[in-house]
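> Take this structure, written in structure tokens, and hold onto it; I'll ask about it next.
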Amino acid sequence: LLLGLRTAEVKALAVRDVDADGSHLCVAMGEYAGKTAHAPRRLQVAQAGLRDLLLARRQARPGDAPLLGGAEGLGEKALPSQLARACRALSLPRVCPHSLRGLHASLAVEHGASIEHVAAALGHSHAKVTQQHYLC
């Protein structure tokens, strides 16, 4: 969710999708091929804390194991309920996981990323899609 992923993409992540040093995450390259032809992508993980969390999830687990959740992965309502708990704990308004995708896009553009770069990171075919759906 921190990288602007769709909920289905987060749920489909496997251990093999994290590279050896946690600096890159392969999205929609396994059984779940993504929503569009542009969904498969390799994203840089810039945040050290997120890299550490991803590497911790990789330890002593087979490559085809789900990256998040238990042996069966994340349940259907896991992300929305965990995000709701986090919002309550931080005294923030409740948001849905997909709204973080839009926030990711908006913040990236505000901080100098090109719309084309953000579109590629989100798995969109054209920058116009990103602009119409996520940027005001």
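> I'm trying to understand the selection: among the residues of the range 77-104, which are within 24 Å of residue 46 (Cα to Cα), over 16 Å from the mean Cα position of the chain (by Cα) and not in a loop (DSSP other than H, G, I, E, B)?
Listed by number, the residues that qualify are 86, 87.
> Then there is this: Assuming residue 60 fulfils every condition listed in (1) part of a helix (DSSP H, G or I); (2) of a type in the set (A, V, I, L, M, F, W, C); (3) within 25 Å of residue 29 (Cβ to Cβ) apart from one, which condition is it?
Answer for residue 60: the failing condition is (1).
> Quick check, is residue 42 within 16 Å of the chain's Cα centre (by Cα), open to solvent by 50 Å² or more (accessible area, probe 1.4 Å) and of a type outside the set (A, V, I, L, M)?
Values: within 16 Å of the chain's Cα centre (by Cα): yes; open to solvent by 50 Å² or more (accessible area, probe 1.4 Å): yes; of a type outside the set (A, V, I, L, M): yes.
It is true that residue 42 is within 16 Å of the chain's Cα centre (by Cα), open to solvent by 50 Å² or more (accessible area, probe 1.4 Å) and of a type outside the set (A, V, I, L, M).
> So which residues in the range 105-131 are assigned to a loop (DSSP other than H, G, I, E, B) and open to solvent by 50 Å² or more (accessible area, probe 1.4 Å), if there are any at all? Break it down stepwise before answering.
Of the residues in the range 105-131, the ones assigned to a loop (DSSP other than H, G, I, E, B) are 111-114, 123-126.
Listed by number, the residues that qualify are 111, 112, 114, 125, 126.
> For the subset of the range 75-100 comprising residues that are of a type in the set (Lys, Arg) and farther than 19 Å from residue 13 by Cα, which member is least open to solvent (accessible area, probe 1.4 Å)?
Looking at residues that are of a type in the set (Lys, Arg) and farther than 19 Å from residue 13 by Cα, I get 85.
> Right, something else. Step by step: first the residues of the range 28-39, then only those that are within 15 Å of residue 67 (Cα to Cα) and of a type in the set (A, V, I, L, M, F, W, C), then the one that is surrounded by the fewest Cβ atoms within 10 Å (Cβ to Cβ). Which residue is that?
If we filter the range 28-39 for residues that are within 15 Å of residue 67 (Cα to Cα), which is where we start, we get 28-32.
Among the residues that remain, those that are also of a type in the set (A, V, I, L, M, F, W, C) are: 28-29.
Working: 28: 22, 29: 18.
Across the range 28-39, the extreme among qualifying residues is 29.
The values are calculated or read from the model by the stated rules, or taken from the named source; none is laboratory data. Just so we're clear, the structure is a prediction, and the values are computed from it rather than from any experiment. Cβ sites come from the backbone with ideal geometry, for glycine too, and all protein chains shown count toward neighbours. Note: areas computed on protein heavy atoms with side chains; ligands, DNA, RNA excluded. Shrake-Rupley method; radii C 1.70, N 1.55, O 1.52, S 1.80 Å.
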